[in-house]
Amino acid sequence: MRGDLIRKLAARCLSVGLAVLAFVVVALTGATGWGLALAIAALVAAAAEQRIRPGADLVAETALIAAAVLVGYSRRLDDGVDLALVATALVLLGLVLLVGPLRAAGNLEIRAANLPVRTWTPLIAGQLGVGLLGLLAAVALAAALTLPATVALAASLLVGAGAGAVALDLAQRRFRPSSGGGPVARALRRHQPEFLLHFSAPSGSEYQVTMWLPYLERIGRPFMVMVREPEFLAPIAAATSAPVVYCPTLRAMDDALVPSLRVAFYVNHGAKNSHCIRFTQLTHVQLHHGDSDKAPSANPVSGIFDRIFVAGPAAIDRYARAGVQIPAEKFVVVGRPQVESIEVRPEPAIGLAHPTVLYTPTWTGHHADADYCSLPVAEELLRRLLERGATVILRAHPYTAQNPTSARQLGRLTELLVADRGRTGRQHVVGAAARELSLTECVNRSDALISDVSGVISDYLYSGKPYAVTDMGDEGDRFTENFPLAGSGYVLRRDMSNAVEVLTSLLDTDPLAEARWATRRRYLGDFPADAYAEAFLTAARRELAPTHQATERPAQLTPLT
């Protein structure tokens, strides 16, 4: 977050600064060669800024760079007014002014993956900024080599023709839309999806969808995934064979929500979910992307959904405990299908000489009241584990790197474990190696868990193995009242003053082994292990059954206005 902002500001300052410097050197000094070199450096910085800030407005930088390159080119030719260079300047000016609006217009168009349709215009519109930077680099190179201006003009006209074709196609889509919808809508009608997964979230959140895709596929009905941010189109499409559609606008949603759809699933409480919930002919089902005692897990917004699939009765109690009144008939207990591959240890493993401990610190959250992150005190914890001869799997939350302080803290923990691995040979799993493992693999490799308040604990509970929970708010006795799942674990105080006692219980004696099984039923349902995911699949198919829908479906889905 703050680190991300600093990185974006640094990229902006570097690209603008180099562009200004290039223009000043070319325009006010005789050092044309140095000016052209600075212009190329500014282009590299602008390209880096575009990667760090997708969709950034680069008009100022590109205008200054173009001016610097053209002035330098004119000086290199040194033969008066060159009409080809004048024409090149006009084309470049047009491109500098049009690239941004064309990219914005392209971003308003529906796009799709895993469908037999090619939406080339929005894709090209999105790459016009890269094309302009490449063109300016080519013109700068032509200037440095003192090539005829007709070479630069030819390159400019080629890129300009492409931009013109994109502009014409986008204008036709906007002002003369097809009566039967675009190619994506027609392809979706042929696909006949019966349900969709609607997804909107901050960048880096695709794991919320990918954890559910295998189970949506096992429902056995055609479906689609609708994403509302463009960065999710490629990674989610790579994780499924189902169509993935990017709908940036409400009009795009109107095209994509074809009449065959019956149910819409959701995995979070993103604000854009309301755009889909307005289609009242659909049954709207909240799945969540984990089960935990965190405050967001009892979000009052859940009440807008027709059904709320929860892992166990504890989730229903959580809403009531938070004072969120939701009719009981909206809740459906389906278990947490993602835990079906977790190996269950029915008997406690007591007194392990060299245990493997999974440590999963969460992130700092969007707000202070949702900050359960233990990274500030984790170094002391890991040293205590190493003293006991433990091997550590360090698996941090995907959002950890967004906070520079958390990223530094995680870096120190990684260095500590790598150094211990070099001294002792214990095969700690950190960094990229930990990210390559799924949570299920981490659970199955470990003998115990130390976690912050998060959904990882619910998943780990299925294994029957012991866990400890960090009390980062120094809540004392109130901690297990606010986070009941911690009552079947061992609570670590923020100051680590009870670390010896907790680690002894966690790794040696495990007095809460029997209590965890009762908690497991409350949090994860009481379903047979050999068919655990069937509870979810059966509930989902029931929502899709025609008898479960409105008696008469309209020919076209229409939103509530």
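Within the chain, how many lysine pairs that are 8 or more places apart, or on different chains, have C-alpha atoms less than 30 Å apart? Could the numbers behind the result be given before it?
Values: Lys8/Lys272; Lys272/Lys294; Lys272/Lys330; Lys294/Lys330; Lys294/Lys465.
Lysine pairs meeting the criterion: 5.
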ask   = How large is ³J(HN,Hα), in whole Hz, for each residue of segment 297-313 in order, when computed from phi with the Karplus curve 6.51 cos²θ - 1.76 cosθ + 1.60 and θ = phi - 60°, using x for Gly and Pro?
value = 6, 10, 5, x, 4, 3, x, 7, 8, 6, 9, 10, 7, 10, 6, x, x
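Within segment 129-257, what whole-number % of the accessible surface is contributed by carbon and sulfur, with the 1.4 Å probe and all protein chains included in the calculation? Could you put the intermediate results ahead of the total?
Numbers: 3330 of 5210 Å².
Within segment 129-257, the accessible surface is 64 percent carbon and sulfur.
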inquiry  = Not counting ligands, DNA or RNA, and with a 1.4 Å probe, what is Arg421's accessible surface area in Å² rounded to the nearest 10?
reply    = 80 Å²
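Could you look at segment 284-334 and say what percent of its accessible area is carbon and sulfur, using a 1.4 Å probe and all protein chains?
58 percent
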query = Suppose every K and R has +1 on its Cβ and every D and E has -1 on its Cβ; what is the size of the dipole of segment 84-209 about the Cα centre, in Debye to the nearest 20?
reply = 380 debye
inquiry  = Keeping all protein chains in the complex and leaving out DNA, RNA and ligands, what accessible area do you get for Met211 with a 1.4 Å probe, in Å² to the nearest 10?
reply    = 40 Å²
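Could you sort Glu340, Glu441 by their accessible area in this structure, using a 1.4 Å probe and putting the largest first?
On the way: Glu340 55, Glu441 85 Å².
Ranked from most to least accessible, the order is Glu441, Glu340.
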inquiry  = Nearest 10 degrees is fine. How inclined is helix 59-77 to the longest principal axis of the chain, computing both from alpha carbons?
reply    = 40 degrees
query = How long are the three semi-axes of the equivalent ellipsoid for segment 300-359, computed from the Cα gyration tensor as the root of 5 times each eigenvalue, in whole Å, largest first?
reply = 35, 14, 10
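What relative contact order, as a whole-number percentage, does segment 405-524 give when Cα pairs under 8 Å and 6 or more residues apart are counted? Working shown, then result.
Values: 111 pairs, mean separation 23.6, N = 120.
Relative CO of segment 405-524 lands at 20 percent.
In whole percent, how big is the carbon plus sulfur part of the accessible area of segment 344-450, probe 1.4 Å, protein atoms only? Please report the intermediate quantities before stating the final value.
On the way: 2520 of 5030 Å².
Carbon plus sulfur share of accessible area: 50 percent.
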inquiry  = Tell me the label only: which of [x] 36; [y] 51; [z] 28 is percent of Cα pairs over 35 Å apart as calculated from this structure?
reply    = [y]
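How do Lys330, Lys272 stack up against each other in accessible area, from largest to smallest, with a 1.4 angstrom probe?
On the way: Lys330 45, Lys272 65 Å².
My answer, sorted largest first, is Lys272, Lys330.
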ask   = Normalized C-alpha radius of gyration of segment 254-314, against 2.2 N^0.38 Å?
value = 1.19
request  = Evaluate the relative contact order of the chain (contact order divided by residue number), counting alpha-carbon pairs under 8 angstrom at least 6 apart; express in whole percent.
outcome  = 13 percent
query = How large is ³J(HN,Hα) for each residue in segment 38-50, as worked out from phi by the Karplus curve 6.51 cos²θ - 1.76 cosθ + 1.60 (θ = phi - 60°), to whole Hz, x for Gly and Pro?
reply = 5, 5, 5, 4, 5, 5, 4, 5, 5, 5, 5, 4, 5
key: Mean-position separation - Cα centroids, segment 68-118 and segment 524-544, in angstrom   = 56 Å
note = Counting sequence-distant residues (5 or more places) and residues on other chains, those with an amide H built under 5 Å from that of Phe331 are Ile308
ask   = Magnitude of the Cβ-charge dipole of the chain, K/R +1 and D/E -1, about the Cα centre, nearest 20 debye?
value = 1280 debye
key: Residue among Val151, Ala518, Gln208 farthest towards the positive dipole end of the chain, charges placed on Cβ   = Val151
ask   = Expressed as an acute angle from 0 to 90° and rounded to the nearest 10, what is the orientation of the C-alpha long axis of helix 2-28 relative to the principal long axis of the chain?
value = 10 degrees
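Using a simple charge model, +1 on the beta-carbon of Lys and Arg, -1 on the beta-carbon of Asp and Glu, nothing else, what dipole does segment 1-145 show about its Cα centre, in debye to the nearest 20? Mind dumping the intermediate values first?
Working: 11 positive and 8 negative charges, 115 e Å.
Computed charge dipole of segment 1-145: roughly 560 debye.
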task = Please name whichever of Ala499, Leu386, Ser74 sits farthest to the positive end of the charge dipole of the chain, dipole taken about the Cα centre and charges placed at Cβ: Lys and Arg +1, Asp and Glu -1.
result = Ser74
ask   = What is the Cα centroid distance between segment 312-382 and segment 175-231, reported in whole angstrom?
value = 29 Å
query = What angle do you read, to the nearest 10 degrees and between 0 and 90, between the alpha-carbon axis of helix 513-524 and the longest principal axis of the chain?
reply = 50 degrees
query = Using the heavy atoms of the protein chains alone and a 1.4 angstrom probe, what is the accessible area of the chain per residue in square angstrom?
reply = 44 Å²
query = Amide H to amide H under 5 Å from Ile393: which residues, 5+ apart in sequence or cross-chain, H placed 1.01 Å off N in plane?
reply = Val357, Leu358, Tyr359, Val429
ask   = Once phi is turned into θ = phi - 60°, what whole-Hz ³J(HN,Hα) does the Karplus curve with 6.51, -1.76 and 1.60 give for every residue of segment 271-281, x standing for Gly and Pro?
value = 4, 6, 4, 4, 5, 8, 5, 5, 7, 6, 6
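The values are calculated or read from the model by the stated rules, or taken from the named source; none is laboratory data. Since we're looking at a predicted model, the values are computed, not measured. Here the Cβ is made from the backbone with ideal geometry for all residues, glycine too, and neighbour counts use every protein chain on show. All accessible areas refer to the heavy atoms of the entire protein, side chains included, with ligands and DNA or RNA removed. Shrake-Rupley method; radii C 1.70, N 1.55, O 1.52, S 1.80 Å.
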